[in-house]
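A.B. asks: Here it is: the structure, laid out below.
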Amino acid sequence: MPTLAAIREQRRSERLARLRQAVASQLNDPAHQQVWLFGSLARGDWDAYSDVDLLAVAPDQAAAEQLADALRAAGLADDVIALTRERWQQRQSGDDPWWRGICRDAIPLAGEPPV
């Protein structure tokens, strides 16, 4: 009989797979756009009341906002933060504790990371 932890991890893995597929279908330009999951689902401490938190990353703010709007309109997330690729990279190396936590836990869902 599987443990509760194993069942939770299996459900999380299945949910992430569905989310990856749905998010990928929203990208206009996967070579220049990225979507990252953060928050409780990314950390693995989610529950039935947890929301889905995403970062929409694109080369410019207008494209990031457009991607964020598409993700929300598709019902894929409750909260979406839109960032330029440059601002996302700055957050990853910054010293803000809130952003450090997001960067530590974030899981890439779709798009190609910069080379």
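The values are calculated or read from the model by the stated rules, or taken from the named source; none is laboratory data. Values in this document were obtained by computation on a predicted structure and should not be read as measured data. Cβ sites come from the backbone with ideal geometry, for glycine too, and all protein chains shown count toward neighbours. Heads up: the accessible areas ignore ligands, DNA and RNA and are worked out on the full protein's heavy atoms, side chains in. Shrake-Rupley method; radii C 1.70, N 1.55, O 1.52, S 1.80 Å.
A.B. asks: Go over the candidates Val35, Val23 one by one and state the one that is β-branched (Val, Ile, Thr), part of a helix (DSSP H, G or I) and at pLDDT 90 or above. Write out each step before concluding.
C.D. replies: Details: Val35 fails: part of a helix (DSSP H, G or I).
When all the criteria are applied, what remains is Val23.
A.B. asks: Counting just the residues of region 61-76 that are touching a residue at least 24 places away in the same chain (Cβ under 8 Å) and in a loop (DSSP other than H, G, I, E, B), which one comes out most open to solvent (accessible area, probe 1.4 Å)?
C.D. replies: Looking at residues that are touching a residue at least 24 places away in the same chain (Cβ under 8 Å) and in a loop (DSSP other than H, G, I, E, B), I get Ala74.
A quick yes/no check of all residues on (1) in contact with a Cys (Cβ under 6 Å, 6 or more places away or on another chain); (2) more than 25 Å from Glu9 (Cα to Cα); (3) of a type outside the set (Asp, Glu):
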site	(1), (2), (3)
Asn28	no, yes, yes
Gln34	no, no, yes
Ala63	no, yes, yes
Leu71	no, no, yes
Asp78	no, no, no
Asp95	no, yes, no
Asp105	no, no, no
Gly111	no, no, yes
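A.B. asks: Any chance you could count how many residues in region 38-60 are open to solvent by less than 60 Å² (accessible area, probe 1.4 Å), over 18 Å from Trp88 (Cβ atoms) and not in a loop (DSSP other than H, G, I, E, B)?
C.D. replies: So in region 38-60, the residues open to solvent by less than 60 Å² (accessible area, probe 1.4 Å) come out as 38-42, 44, 46, 50-58.
Still in the list and also over 18 Å from Trp88 (Cβ atoms): 40-41, 44, 46, 50-52.
Subsequent filtering for residues that are not in a loop (DSSP other than H, G, I, E, B) retains 40-41.
Adding up the residues that qualify gives 2.
A.B. asks: For region 28-37, what are the residues that are open to solvent by 20 Å² or more (accessible area, probe 1.4 Å) and either in contact with a helix residue (DSSP H, G or I) (Cβ under 9 Å, 6 or more places away or on another chain) or of a type in the set (Phe, Trp, Tyr) (or both)? Don't jump to the end; show me each part of the working.
C.D. replies: Narrowing region 28-37 to residues open to solvent by 20 Å² or more (accessible area, probe 1.4 Å): 28-32, 36.
Correct list: Asn28, Asp29, Pro30, His32, Trp36.
A.B. asks: Being touching a Pro at 6+ places or on another chain (Cβ under 7 Å) and over 20 Å from Leu41 (Cα atoms) is the filter; apply it to region 64-115 and report the residue that is modelled with the highest pLDDT. Reasoning before the result, please.
C.D. replies: Taking region 64-115 and keeping what is touching a Pro at 6+ places or on another chain (Cβ under 7 Å), we get 84-85, 110-112.
Applying the additional criterion that residues be over 20 Å from Leu41 (Cα atoms) yields 84-85, 112.
Details: Thr84: 96, Arg85: 93, Glu112: 72.
Among them, the one singled out is Thr84.
A.B. asks: Hey, does region 9-26 have a residue that's in contact with an Asp or Glu (Cβ under 9 Å, 6 or more places away or on another chain), surrounded by fewer than 20 Cβ atoms within 10 Å (Cβ to Cβ) and touching a residue at least 12 places away in the same chain (Cβ under 8 Å)? Explain how you work it out, then say what you get.
C.D. replies: Looking only at region 9-26, we keep the residues that are in contact with an Asp or Glu (Cβ under 9 Å, 6 or more places away or on another chain), and these are none.
No, the conditions are met nowhere in region 9-26.
A.B. asks: Can you tell me which residue in region 88-108 is farthest from Phe38 (Cα to Cα), limited to those that are in a helix (DSSP H, G or I), open to solvent by 90 Å² or more (accessible area, probe 1.4 Å) and not polar (S, T, N, Q)?
C.D. replies: This residue is Pro97.
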